[in-house]
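Let me begin by presenting the structure, written as structure tokens, before commenting on it.
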Amino acid sequence: MATINASVSISSDIMNYPVRINKTMTMKKAGSCHGLEETTGLGYKKYTAVTQVTLLDVSAETAAVNKASKVYIRNTGSDKSQYFIITLADTTDDTEEVGRLYGGDWLLMPWEAASADHDIMVQPSTAEPMTLEYIAFIDPS
Amino acid sequence: MATTTASVSISSSDLTPGTSLNINASTTCMKAGLTTGLEIIEMGKNTLTVAESASSGVSLKLATAAGADGASKVYLCNNATDDTFYIRLDLHDTIVGRLYAGDWLFLPWSQNDTANELVIQAFGGSCPYEYAIFKEGETVVAGS
């Protein structure tokens, strides 16, 4: 059993008083006190075309279905005008857009990975070279 | 201009033999395509109870046309303590994933159409949760 810790720290001065959010989680298998122990490994992919492609394919991670898998993705660029569109494949309306990762933005989210409807797709906003950093933590329980 | 900063740290000393995993990232959350910060924050906490009959969950936040294709960010944490209790997050009719007790998420939300609402539902047992949504400004039209 591995121990994977993830901490988030959010600070904002949108309000007249400071907002601080700090939270740490230990990634565990679904319904268990045991930690996740599989990963895709940390990867980097460079894109040079405005084309939607699969970043994480459910068919390659069949053990992850309906569990507690998690995905981290970051746009390694610094240009706030360039972004990746992150979508979940969905047969009922083609794709469900999650959101856009602008330069430097990151996400950490759970991944249902229940069917091909849940492939994680990415599309750059420009043909200029852009790079994603990503890793999936897989729950094989 | 408001400044909202989000940082993440992911670490493990025993996930991959012989190699420690350390990921650290930080971003300043800006409006879409701009270098000006987000202007609206909505946050709170509540408790989700398990529906006794079939349920499609409750909307944490509806997508709005005003927010379409923006750079909103969502933080959500399941504060339950029972390892078997989880909150399922859907985007409209697509399941994103499960937040088990203690799990949190942080993701962008572009509200690309009004059928892109955030839906949450508890399974196993009651789940206290906390959330924050950071958004771009919205135009408010004065009454005539």
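Nothing in this text is a laboratory measurement; each read-out follows from the coordinates by a stated rule. Predicted model, so just to flag it, every value in this text is computed and none were measured. Counting neighbours? That spans all protein chains shown, and the Cβs are built from the backbone with ideal geometry, glycine included.
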Mind listing the long-range amide H neighbours of residue A:77? Cut-off is under 5 Å, sequence gap 5 or more, other chains count too, H placed in the peptide plane at 1.01 Å from N. A:104, A:131
Given Cβ charges of +1 for Lys and Arg and -1 for Asp and Glu, the option among B:33, B:51, B:124 whose Cα lies farthest towards the positive end of the dipole of chain B is B:33
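Expressed as a whole percent, how much of the Cα-Cα distance distribution for the protein assembly as shown exceeds 30 Å?
Result: 24 percent of Cα pairs exceed 30 Å.
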Candidate aspartates and glutamates - alpha carbon under 18 Å from residue A:80, same-chain residues fewer than 8 apart omitted: A:105, A:128, A:133, B:39, B:69, B:136
With +1 on each Lys and Arg Cβ and -1 on each Asp and Glu Cβ, how big is the dipole of the protein assembly as shown about its Cα centre, in debye rounded to the nearest 20? 820
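Work out the length of the dipole vector of segment B:1-137 about its Cα centre, built from +1 on the beta-carbon of each Lys and Arg and -1 on the beta-carbon of each Asp and Glu, and round it to the nearest 20 debye. Write out the running numbers ahead of the final one.
Numbers: 7 positive and 14 negative charges, 53 e Å.
So the dipole magnitude of segment B:1-137 works out to roughly 260 debye.
Please average, across the residues of A:12-19, the number of beta carbons from any other chain that are within 10 Å of each residue's own beta carbon, and give a whole number. The partial results should precede the final answer.
On the way: counts 12, 7, 11, 3, 0, 0, 0, 5.
The shielding value for this peptide is 5.
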So what is log10(I(q)/I(0)) for segment B:38-135 at q = 0.10, 0.11, 0.15 1/Å, when the Debye sum runs over its Cα atoms only? -0.25, -0.30, -0.56
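Shielding by partners for B:81-94, please: the mean number of other protein chain Cβ atoms within 10 Å of each residue's Cβ. All intermediate terms of the calculation are to be shown ahead of the outcome.
On the way: counts 0, 1, 8, 4, 1, 4, 1, 3, 3, 2, 7, 5, 5, 14.
Taking the mean over all residues of the peptide, I get 4.
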With 10 angstrom as the radius, rank A:74, B:88, A:20 by how many other C-beta atoms surround their C-beta, starting from the fewest. A:20, B:88, A:74
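Inside 10 Å of the C-beta atoms of A:66-78, what's the mean count of C-beta atoms belonging to other chains?
Details: counts 4, 3, 7, 2, 6, 4, 5, 2, 4, 3, 1, 0, 1.
Mean shielding by partner chains, rounded to a whole number: 3.
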